[in-house]
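Notes follow the structure.
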Amino acid sequence: MHVVETIAKHSQNIIWKLTINENGRTEYYSHKRIRRVSMDKFYEIVFGENNAFFKLCKVLPIILDDVIAEDKSTLLKNSVYEELDKTDFYRSLYLLAFKTYEGFENF
């Protein structure tokens, strides 16, 4: 079983540990088959390929450009968009969310 963190702070595939403090006692629970997995590691497991999530994210801007070219009503109008670096919008967006994931260090 995997707990997939869609926006994890770091690239990870670790045992999920639970700590319960009750009545002055601390109990620790974990199981080697229950893991916390970041999105990049999840894609690696599913597709059996390193950097699979990075590769998807790299082609996504091309797909989005095609969609926006087809339908101008899809243009973004929100404050997050205004705060991003317009000279390299997609890179800025990805790095905001995924800069600590494997494969994104040189994006």
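Here are the numbers for this structure:
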| read-out | value |
| --- | --- |
| Residue in region 1-24 that is farthest from I45 (Cα to Cα), counting only those that are under 11 Å from the mean Cα position of the chain (by Cα) and among the β-branched types (V, I, T) | I7 |
| Members of region 7-26 that are loosely packed, with under 10 Cβ neighbours inside 10 Å and outside any loop (DSSP other than H, G, I, E, B) | T19, I20, N21, E22, R25, T26 |
| Near pairs, Cβ below 6 angstrom, 6+ apart or cross-chain, from region 83-96 (assigned to a helix (DSSP H, G or I)) to any residue that is surrounded by 13 or more Cβ atoms within 10 Å (Cβ to Cβ) and modelled with pLDDT of 75 or more | Y90/P61; Y94/C57 |
| Contacts under 6 angstrom Cβ, first residue in region 37-63 being touching a residue at least 60 places away in the same chain (Cβ under 8 Å) and under 15 Å from T6 (Cβ atoms), partner part of a helix (DSSP H, G or I) and not hydroxyl-bearing (S, T, Y), 6 or more apart | M39/F53; D40/F53 |
| Subset of region 27-69 (residues that are part of a helix (DSSP H, G or I) and not hydrophobic (A, V, I, L, M, F, W, C)) | D40, K41, Y43, E44, K55, K58, P61, D65, D66 |
| One residue from V4, V37, V46 being aliphatic (A, V, I, L, M), surrounded by 10 or more Cβ atoms within 10 Å (Cβ to Cβ) and modelled with pLDDT under 90 | V4 |
| Filter result for S30 (of a type in the set (S, T, N, Q) and within 29 Å of L95 (Cβ to Cβ)) | no |
| Residues being farther than 13 Å from E102 by Cα and either acidic (D, E) or at pLDDT 95 or above (or both) - total across region 49-66 | 2 |
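The values are calculated or read from the model by the stated rules, or taken from the named source; none is laboratory data. Note that this is a predicted model, so its numbers are computed, not measured. We place every Cβ from the backbone using ideal geometry, glycine too, and count neighbours over all the protein chains shown.
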